[in-house]
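What follows is calculated from the coordinates using simple rules that are stated; it is not laboratory data. Everything quoted here is computed from the prediction, not taken from an experiment. Every residue, glycine as well, gets a Cβ built from its backbone with ideal geometry; the counts of neighbours run over all protein chains shown.
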């Protein structure tokens, strides 16, 4: 048995995120994964569902594509749109039988956002979840920011204003 190179490494990411990446790397459905890389989060269209960490698995059962999603939280209002967008993308590619499975455990966390996803958020004008440093303005990188509202355009974001450039921006709250 050949062990994939990725499995020989010590993960520096949460175990659940490591498992998610392994499922994709070891999948026989590479074509479908690549198709789904083009399905964007309806609330943060700078990120694909893969980038966001909600796309968990892709498998086939006879002629049915089974896509497993973990929403950012159990009441996520965008889950229906995500499912419709996945189904539309797969139908357009000739996959007519699609089943979307919602998986609530393990619970989604912002720890599943890759560095690439965090850079995309910043480039889109949304401050990524702060890890060790404080919240920085995505426009000018200043730390001189003030919270305006605990909630912004979605429940998973808060609204801030930068004291340096005066821009108002969303901050993706750590979960």
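Exposure proxy for 175, 135: other Cβ atoms within 10 Å of each Cβ, ordered fewest to most, give 175, 135. Computed over the Cα atoms of region 126-172, the ratio of the radius of gyration to the Kirkwood radius (Rg/Rh) comes to 0.92. Name the most mobile residue of 158, 93, 25, meaning the one with the largest mean-square fluctuation, in a Gaussian network model of the chain with Cα contacts below 10 Å. With Cα springs under 10 Å in the chain, the top fluctuation among 158, 93, 25 is at 93. Listed from fewest to most Cβ neighbours within 10 Å, the set 102, 70, 64 follows the order 64, 102, 70. Computed extension gain for residue 60 through residue 141, at 0.36 nm per residue and net of the alpha carbon distance, reaches 24.7 nm. From the largest down, region 57-97 spans 30, 18, 10 angstrom on the principal axes of its Cα atoms. Computed on the chain, with alpha-carbon pairs under 8 angstrom and 6+ residues apart, the relative contact order is 16 percent. For region 5-111, the alpha carbon positions stretch 39, 30, 24 Å along the principal axes, listed from largest to smallest.
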